[in-house]
Amino acid sequence: MRKLAVAIVLFLSLSISACECNMKQYEKSNVEILSVYGTVTGTTEITYQPMLDSMYYCPGANVRHEGERQKVSLVRCKINNKCPVDVIAEKLAQDQWKLVISSAPDKIDLVFSDGEIQLLPRNK
């Protein structure tokens, strides 16, 4: 019984780490922010277009709180894998996606592998 428990723990830890290895962040130049819209309910809709990539896709974003700010990281996941995300992206049109973040636009920073940008409300 003890060997079975050890085997299960080992399997789960390897499975989790394997998924994390397949999960990356985008660089700033690989994502075009199309619009940022603050809603009347206090949420923010971010419409974006990641770079076309046959080996990766963007299932959504992970969000962490830092003081009064929310740090939002768009997840870059290998095409045949499922990567865990805090906010699932909604597909709008060809290669365009929308996230709804539970914070006002002026409280959000987009985090990329090569730096951060502070969101400002804008529409295109």
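The values are calculated or read from the model by the stated rules, or taken from the named source; none is laboratory data. What you are looking at is a predicted structure, and each value in this text was computed from that prediction instead of being measured. Positions of Cβ are generated from backbone atoms using ideal geometry, with glycine treated the same way; all protein chains shown enter the neighbour counts.
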Checklist entry - Only one of (1) surrounded by 14 or more Cβ atoms within 10 Å (Cβ to Cβ); (2) in a strand (DSSP E or B) is not met by Arg64, so which one is it? => result (1)
Next on the checklist: Please go through the range 75-94 and give me each residue that is over 16 Å from Gln25 (Cβ atoms) and surrounded by 13 or more Cβ atoms within 10 Å (Cβ to Cβ), ordered by number.
Outcome noted: Glu90, Leu92
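Okay, residues lined up against (1) in a strand (DSSP E or B); (2) of a type in the set (Ser, Thr, Tyr); (3) surrounded by 17 or more Cβ atoms within 10 Å (Cβ to Cβ); (4) within 11 Å of the chain's Cα centre (by Cα):
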position: Tyr48; (1), (2), (3), (4): yes, yes, yes, no
position: Leu52; (1), (2), (3), (4): no, no, no, no
position: Ser73; (1), (2), (3), (4): yes, yes, yes, yes
position: Asp106; (1), (2), (3), (4): no, no, no, no
Checklist entry - Are any residues in the range 81-103 in a loop (DSSP other than H, G, I, E, B) and at pLDDT below 90, and if so, which ones? => result Gln94, Asp95, Ser102, Ser103
Checklist entry - Does Asp106 satisfy the criteria of being of a type in the set (Asp, Glu), modelled with pLDDT under 90 and within 17 Å of Tyr57 (Cβ to Cβ)? => result no
Checklist entry - Does Ile117 count as farther than 15 Å from Asn30 by Cβ and at pLDDT 90 or above? => result no
Item to check | Top-ranked residue in the range 29-39 [being more than 13 Å from the chain's Cα centre (by Cα) and over 14 Å from Asp106 (Cα atoms); ranked as surrounded by the fewest Cβ atoms within 10 Å (Cβ to Cβ)] | outcome: Ser29
